[in-house]
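Worksheet: the structure to be examined is printed underneath.
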Amino acid sequence: MKVNRIVLASRPGIDKEPMPENFRLEEADLKEELSDGQVLAKTLYLSMDPYLRYCMNEESAGSYLLIWKISEVLFSNGIGVIEQSRSNQLKVGDIVSDFNWPWQTKCISDGSSLKKLDPNLVDGHLSHYLGLLGSTGLTALLSIREQGHVTPGPNQRRWWLAVLLVVVVHWLGRLVAFLAVPVL
């Protein structure tokens, strides 16, 4: 079976903006037969988060992020639907996500890293699992609760001003503020 995929063609460099020539659209072969435990999933959504900029350059190695390799398919947080299954845990039609979803139209997975999603929790708006209910939302929530130590009391006003400043500075700050309102 043929799939389209995006690979890293070149690295932009640590101080340069990514350009279209840093990427390449390719057609690749995907095996037809699944092994026991494997699933075939169709890609529905891929994240385009700011952290992916660090995945483009070898200088970012050593962080918790995996670095993209030249001429290999890119990956990020993604969502897909199971089209074929030889897994006991996942069935055809299940909506799943993975933090390292390949940037290709379909993929085969052993299912071990796939997380089953409930479309009803987001009224069918699956992309919310990549934003507010995904790693971006988790980052915002943890920054408030774990790093910010925001609690009701005397420091509440000071933290509200700090959150307001973050909102002005960055879009992620807007999400932080949204999550902070119930705490403050």
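A short reminder: the numbers here are calculations on the coordinates, not readings from a lab. What you see is a predicted model; the values in this text were computed from it and never measured. Reconstructed Cβ throughout: ideal geometry from the backbone, glycine too, with neighbour counts over all protein chains shown.
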Q | Length added when fully stretched, residue 91-residue 16, from 0.36 nm per residue minus Cα-Cα | A | 22.7 nm
(Q) Can you tally the net charge around residue 57? Count Lys and Arg as +1, Asp and Glu as -1, for every other residue whose Cβ sits under 10 Å from the Cβ of residue 57. (A) 0
Q | Residue-span extension gain [residue 58 to residue 135] - 0.36 nm each, minus C-alpha spacing | A | 25.5 nm
Q) What's the extension gain from residue 70 to residue 142 if we count 0.36 nm per residue and subtract their Cα-Cα distance? A) 22.6 nm
Q: With an 8 Å cut-off on Cα pairs and a minimum separation of 6 or more residues, tell me the relative contact order of segment 2-122 in percent.
A: 30
**Q.** Most to least packed among 30-36, 72-78, 82-88 [average Cβ atoms within 10 Å]
**A.** 72-78, 82-88, 30-36
Q: Run down the lysines and flag those whose C-alpha is under 24 Å from the C-alpha of residue 42, throwing out any fewer than 8 positions away in its chain.
A: 2, 31, 69, 91, 106, 115, 116
